[in-house]
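Peer 1: For reference, the structure I am asking about is given below.
The values are calculated or read from the model by the stated rules, or taken from the named source; none is laboratory data. Model, not experiment: these values are computed from the prediction. Positions of Cβ are generated from backbone atoms using ideal geometry, with glycine treated the same way; all protein chains shown enter the neighbour counts. Surface areas here come from the heavy atoms of the whole protein model, side chains and all, with no ligands, DNA or RNA. Shrake-Rupley method; radii C 1.70, N 1.55, O 1.52, S 1.80 Å.
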Amino acid sequence: MIEAEMLKLREEFPILSRRTYLINNSLGAMPKKVRQRLNEFADLWDVEGVEAWWKWLPLVKDTGNMIGRIIGAEPNSVMMHQNVATLTAMVLSALDFTGKRNKLVYDSMQFTSPHYVCQAWKKYGARPTVVQSPDGVHVPTELLLKAIDEETLLVPVSHVLFQSSYIQDAKAIIDKAHSVGAMVLLDVYQSIGIVPIDVKKLNVDFLVGGSVKWLCGGPGACYLYVRPDIRSKYSPAMTGWFSHKRPFKFEREMDEADDIHRWMGGSPSVPALYSAQSGYEIIHKVGVENIRKKSMRQTAMMIEIADKQGLKVNSPREPEQRGGTVIVDFANAEEAHHALIKEGFNIDYRPNAGIRISPHFYNTDEEIERIFAAIKRLKK
C-alpha cells in the first residue's frame, strides 16, 4: 500500500479530525468501528444474558489468531490476556529457579512492569542480572550476549525500548540464549504493528505484547505466544479453569490442556477482545512492511528537523536501529509538552528522555512540520 492510500484511512480514526495525534507509541488512535463492536458486546449481553458466553469464548482464539498473523505465528499459538505484567509472571511461574541455572538477564532500559516482576521473583530463587545502558538510548548487544551464560534460565527483553525507541537485536540474543540452554521472553509491545516480526524466523520461545499502541486495539488486550514445541513442556503455576482440558467438567484435579489453552488461566476480558479487533484488521490491511517503510522516512525527517533546531535527539540515528518514535529534549521540554497538548498536539514526556513523537501510517508530513514549528516557538 502506498502512502497516499494509507492517508485515505484517516477517516477511520475520528480523533484525527480534532487533534494532531502523534502519541501512537503510547495509545493508538481509536478506530471508529470500535464503538460499533462494543455496542455489539453490550447488545449480546443484554439480549442473551449468560448464553452470550458461547459466542464470547471463541473470541479468545479468534483474536489471538489475528495477532498470530501479524507476528508470523502458526494458528492457535497465541493466547489473549489482560496485561504484560501478568504474562511475565505467568511465564516465570512455569520455570524452576531453585537450581544453578537461575539467572534472569535483561537490560536497564526494560519497562518497569516486567522489571518489577523479575525483581519480585528473587523470592523464588531467581537471580536478576541487569545489563546497563551506557547512554540511556542504546544497549550494546555484545554486553547482553556476554551476560547470557550457562547459568541463565530466561532472557526477558524488549524488542524496542520504550524510552528511546532503540531496536534490540532479537535474533542475536535468541541465538546466544539457545546456545547455552537458556530461553527468551521477547516483549514486542513497542514494536508490533510498526516493525515487522516473524516468530518462526526468530525462533523465539515466548513473546508478549499488547494492543494499546501501534495496533490501535485499546487496553486490556495483551497476548502470549508460546513456541508450539515447548508449550506443553512447561506448567505455569499461575493457572485457572480455562487451562484445564475440560473446564466445564469442573473437576477438582488439574489436567492441563496440551494446546495454547494451558496458558489461558481464568476468564477473559471480553470487552477488550471486541475493542481490539478493528485495529488489527486495519493493520492487516495496510501491512506492517508498508507501515515500517513510511515510519523510517518520517522518523528520519523528524531527526533532520530536530538537528536544524538544535534539539537533543535521544533516539538512535541509524534507521535500522530505530523504532517508530523520535525523542527530542531541550531545557524546558517538560513545560513545553504541556503547552503542546493544550494546543491540540498529542505527545508525551518522559523524564531523562524528553518529548516522544510517534507518527503512525495515518499521520501526514504536514503534521510533523507543525509540531516542530510549535516546539521551535515554545523552546527557551
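Peer 1: What residue, of Asp96, Asp62, is touching a Gly at 6+ places or on another chain (Cβ under 9 Å) and open to solvent by 40 Å² or more (accessible area, probe 1.4 Å)?
Peer 2: Asp96
Peer 1: Go through the residues of the range 347-356 one by one and say whether even a single one is aliphatic (A, V, I, L, M), at pLDDT below 95 and open to solvent by less than 10 Å² (accessible area, probe 1.4 Å).
Peer 2: Yes, some residue in the range 347-356 is aliphatic (A, V, I, L, M), at pLDDT below 95 and open to solvent by less than 10 Å² (accessible area, probe 1.4 Å).
Peer 1: I would also like to ask the following. Looking at Leu27, Leu38, Leu9 in this structure, which one is over 30 Å from Phe372 (Cβ atoms) and either part of a helix (DSSP H, G or I) or open to solvent by 10 Å² or more (accessible area, probe 1.4 Å) (or both)?
Peer 2: Result: Leu38 is the single residue among Leu27, Leu38, Leu9 that is over 30 Å from Phe372 (Cβ atoms) and either part of a helix (DSSP H, G or I) or open to solvent by 10 Å² or more (accessible area, probe 1.4 Å) (or both).
Peer 1: Would you point out which residue out of Gln132, Gln110 is open to solvent by less than 20 Å² (accessible area, probe 1.4 Å), among the polar types (S, T, N, Q) and touching an Asp or Glu at 6+ places or on another chain (Cβ under 9 Å)?
Peer 2: Values: Gln132 fails: open to solvent by less than 20 Å² (accessible area, probe 1.4 Å).
Exactly one residue qualifies, and that residue is Gln110.
Peer 1: Which one of the conditions (1) within 15 Å of Ala276 (Cβ to Cβ); (2) surrounded by 18 or more Cβ atoms within 10 Å (Cβ to Cβ) does Ala73 fail to meet, given that it meets all the rest?
Peer 2: Unmet for Ala73, out of (1) within 15 Å of Ala276 (Cβ to Cβ); (2) surrounded by 18 or more Cβ atoms within 10 Å (Cβ to Cβ): (1).
Peer 1: Considering each residue of the range 159-198, count those that are open to solvent by 10 Å² or more (accessible area, probe 1.4 Å), hydroxyl-bearing (Ser, Thr, Tyr) and out of contact with any helix residue (DSSP H, G or I) (no Cβ under 8 Å at 6 or more places or on another chain), and give that number.
Peer 2: Summing the residues that are open to solvent by 10 Å² or more (accessible area, probe 1.4 Å), hydroxyl-bearing (Ser, Thr, Tyr) and out of contact with any helix residue (DSSP H, G or I) (no Cβ under 8 Å at 6 or more places or on another chain) in the range 159-198 gives 1.
Peer 1: Filter the range 269-314 down to residues that are aliphatic (A, V, I, L, M) and in contact with a Gly (Cβ under 6 Å, 6 or more places away or on another chain) and give me whichever is surrounded by the most Cβ atoms within 10 Å (Cβ to Cβ). Give the derivation first.
Peer 2: In the first step, residues of the range 269-314 are kept if they are aliphatic (A, V, I, L, M); the result is 270, 272-273, 276, 282-283, 286, 288, 291, 296, 300-303, 305-306, 311, 313.
Add one more test, that the residue is in contact with a Gly (Cβ under 6 Å, 6 or more places away or on another chain), and what stays is 272, 276, 283.
Working: Ala272: 23, Ala276: 30, Ile283: 25.
In this case the residue turns out to be Ala276.
Peer 1: Continuing with the same structure: So Lys233 fits all but one of (1) surrounded by fewer than 18 Cβ atoms within 10 Å (Cβ to Cβ); (2) not in a loop (DSSP other than H, G, I, E, B); what number is the exception?
Peer 2: With (1) surrounded by fewer than 18 Cβ atoms within 10 Å (Cβ to Cβ); (2) not in a loop (DSSP other than H, G, I, E, B) applied to Lys233, the lone miss is (2).
Peer 1: Quickly run through the range 243-260 and pick out the residues that are touching a helix residue (DSSP H, G or I) at 6+ places or on another chain (Cβ under 6 Å), in a helix (DSSP H, G or I) and either open to solvent by 20 Å² or more (accessible area, probe 1.4 Å) or in contact (Cβ under 8 Å) with a residue 40 or more places away in the chain (or both).
Peer 2: Pro247
Peer 1: Oh, and also: For the range 315-345, what are the residues that are closer than 21 Å to Thr364 by Cβ, over 23 Å from the mean Cα position of the chain (by Cα) and either of a type in the set (D, E, K, R) or open to solvent by 30 Å² or more (accessible area, probe 1.4 Å) (or both)?
Peer 2: Ile341, Glu343
Peer 1: In addition: Only residues that are aliphatic (A, V, I, L, M) and surrounded by 17 or more Cβ atoms within 10 Å (Cβ to Cβ): list them for the range 116-129, please.
Peer 2: Within the range 116-129, Val117, Ala126 meet the criteria.
Peer 1: One residue is enough: does the range 237-256 have a residue meeting the conditions under 22 Å from the mean Cα position of the chain (by Cα) and either farther than 20 Å from Tyr21 by Cβ or modelled with pLDDT under 95 (or both)?
Peer 2: Scanning the range 237-256, I find at least one residue that is under 22 Å from the mean Cα position of the chain (by Cα) and either farther than 20 Å from Tyr21 by Cβ or modelled with pLDDT under 95 (or both), so the answer is yes.
Peer 1: Of all residues in the range 318-339, which are closer than 16 Å to Asp307 by Cα, touching a Ser or Thr at 6+ places or on another chain (Cβ under 8 Å) and not aliphatic (A, V, I, L, M)?
Peer 2: Across the range 318-339, the qualifying residues are Pro319, Thr325.
Peer 1: Could you list, in sequence order, all residues of the range 199-210 that are within 25 Å of Thr299 (Cβ to Cβ) and open to solvent by 10 Å² or more (accessible area, probe 1.4 Å)?
Peer 2: Of everything in the range 199-210, those that are within 25 Å of Thr299 (Cβ to Cβ) and open to solvent by 10 Å² or more (accessible area, probe 1.4 Å) turn out to be Lys201, Leu202.
Peer 1: Which of the residues that make up the range 12-24 are open to solvent by less than 60 Å² (accessible area, probe 1.4 Å) and of a type in the set (Ser, Thr, Tyr)?
Peer 2: Once the filter is applied, which keeps residues that are open to solvent by less than 60 Å² (accessible area, probe 1.4 Å) and of a type in the set (Ser, Thr, Tyr), the range 12-24 yields Thr20, Tyr21.
Peer 1: Here's something else I'd like to know. Are there any pairs with C-beta distances below 7 angstrom linking a residue in the range 195-214 that is more than 29 Å from Ile357 (Cα to Cα) and acidic (Asp, Glu) to a residue that is in a loop (DSSP other than H, G, I, E, B) and modelled with pLDDT of 95 or more, with the two at least 6 apart or on different chains, and if so which?
Peer 2: Asp205/Arg227; Asp205/Ile230
Peer 1: Could I ask something else about it? Restricting to the range 237-262, give me the number of residues that are among the basic types (Lys, Arg) and farther than 23 Å from Pro75 by Cα.
Peer 2: Count: 2.
Per-residue answers, yes or no, for (1) closer than 21 Å to Val195 by Cβ; (2) among the polar types (S, T, N, Q); (3) more than 23 Å from the chain's Cα centre (by Cα):
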site	(1), (2), (3)
Leu22	yes, no, no
Asn25	yes, yes, no
Lys32	no, no, no
Glu40	no, no, yes
Glu48	no, no, yes
Ala52	no, no, yes
Trp56	no, no, yes
Val60	no, no, no
Ala73	yes, no, no
